[in-house]
Amino acid sequence: MSAIRLLVVTAVAAERDAAARGLCPVSTCPPPPTPGRNTVRVTTGRAGLGHRPIRADLVAGGVGPAASAATTAAALTAAAARDEPYDLVISAGIAGGFAPVAALGSVVVADRVVAADLGADSPDGFLSVDTLGFGATEYRSAPHLAAAVARGLGAVHAPVLTVSTATGTAERAAELRERHQAAAEAMEGFGAAEAAAGQGTPFLEIRTVSNAVGPRDRSAWRVKEALAALRDAFGVLHTVLTRGAPPPYS
Ligand SMILES: O=C(O)c1cccc(C(=O)CC[C@H]2O[C@@H](n3cnc4c(=O)[nH]cnc43)[C@H](O)[C@@H]2O)c1
């Protein structure tokens, strides 16, 4: 049985390491990252046990959609050149949650990712690039897989926004929630999704909520709890992937 090949892209190392610990909870696994490299590889399971093994490369690619797109595209291209293409790209990390749908510590699996501030402002309001006729503003997650993962995690399954400027007011939070019916906002998913779409690789975004979207109050962020929830979510994800339908994902 061949291994499921995952590319997991986070913004920062703390998110990468939480996801890696969830995939592979044994203390000696994964190995510490090699100095100067930002990728950790986790290999789990043995085909002989009847469950599909997983080989995951987890990379802390930087904050924002551009960093995430560049990191994802480079990793996908390098894997294709080695003739070891990934089965799935996962954008993962902590996020702001929209009240009342996504509380602190909850898990959100995106059904689609939306570039919420990619477009033009106008006297009549915001115009997205797709309404302007020059580009995509959203990508769907692999629908069957995303639904199965959301079910397994007991997660909120709804749109996740990608923004280049984190929301800092109640007015902006209400505007975004009403426009997109979103559950969460983060800063990387759309970039990873665009790179994955460019190479025909299925995509998921998994977020755990560290703060409420709204008036900025860094002291209210629960980063430690959100990272623990991310670790646990990747533990469950491991079970869903190894025991569920094999790739190719749809
Ligand atoms: O301070 C720390 O220890 C720490 C540990 C892990 C991650 C962080 C971050 O600040 C990550 C930034 C990352 O988080 C996403 N995020 C979280 N909340 C929001 C939000 O309300 N709006 C937009 N993005 C959010 C985002 O993807 C950032 O890249 C700190």
Open item on the list: Among the numbered criteria (1) modelled with pLDDT of 95 or more; (2) more than 16 Å from Tyr139 (Cα to Cα); (3) surrounded by fewer than 16 Cβ atoms within 10 Å (Cβ to Cβ); (4) not basic (Lys, Arg), which one does Phe234 miss?
Closed with: (3)
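Give the number of residues within segment 100-153 that are outside any loop (DSSP other than H, G, I, E, B) and within 17 Å of the chain's Cα centre (by Cα). Don't jump to the end; show me each part of the working.
Looking only at segment 100-153, we keep the residues that are outside any loop (DSSP other than H, G, I, E, B), and these are 107-115, 119-120, 127-132, 138-140, 143-153.
Adding the requirement that they be within 17 Å of the chain's Cα centre (by Cα) leaves 107-115, 138-140, 143-153.
So the count comes out to 23.
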- [ ] Of all residues in segment 120-165, count the ones that are within 16 Å of the ligand (Cβ to nearest atom) and within 23 Å of Ala196 (Cβ to Cβ).
- [x] 8
Open item on the list: Considering only segment 72-85, I want to know if a residue exists there that is in contact with an Asp or Glu (Cβ under 7 Å, 6 or more places away or on another chain), at pLDDT 95 or above and either open to solvent by 50 Å² or more (accessible area, probe 1.4 Å) or of a type outside the set (Val, Ile, Thr) (or both).
Closed with: yes
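Quick one: which residue in Gly214, Gly200, Gly244 is more than 15 Å from the chain's Cα centre (by Cα) and free of Cβ contacts under 8 Å to residues at least 40 places away in the same chain? Lay out the reasoning, then the answer.
Values: Gly214 fails: free of Cβ contacts under 8 Å to residues at least 40 places away in the same chain; Gly244 fails: free of Cβ contacts under 8 Å to residues at least 40 places away in the same chain.
Exactly one of Gly214, Gly200, Gly244 is more than 15 Å from the chain's Cα centre (by Cα) and free of Cβ contacts under 8 Å to residues at least 40 places away in the same chain, namely Gly200.
The values are calculated or read from the model by the stated rules, or taken from the named source; none is laboratory data. Please read all numbers here as calculations on a predicted model, not as lab measurements. With ideal geometry, Cβ positions are generated from the backbone for all residues, glycine too; neighbour counts draw on all protein chains shown. In case anyone asks, the SASA skips ligands and DNA or RNA and just uses the protein heavy atoms, side chains included. Shrake-Rupley method; radii C 1.70, N 1.55, O 1.52, S 1.80 Å.
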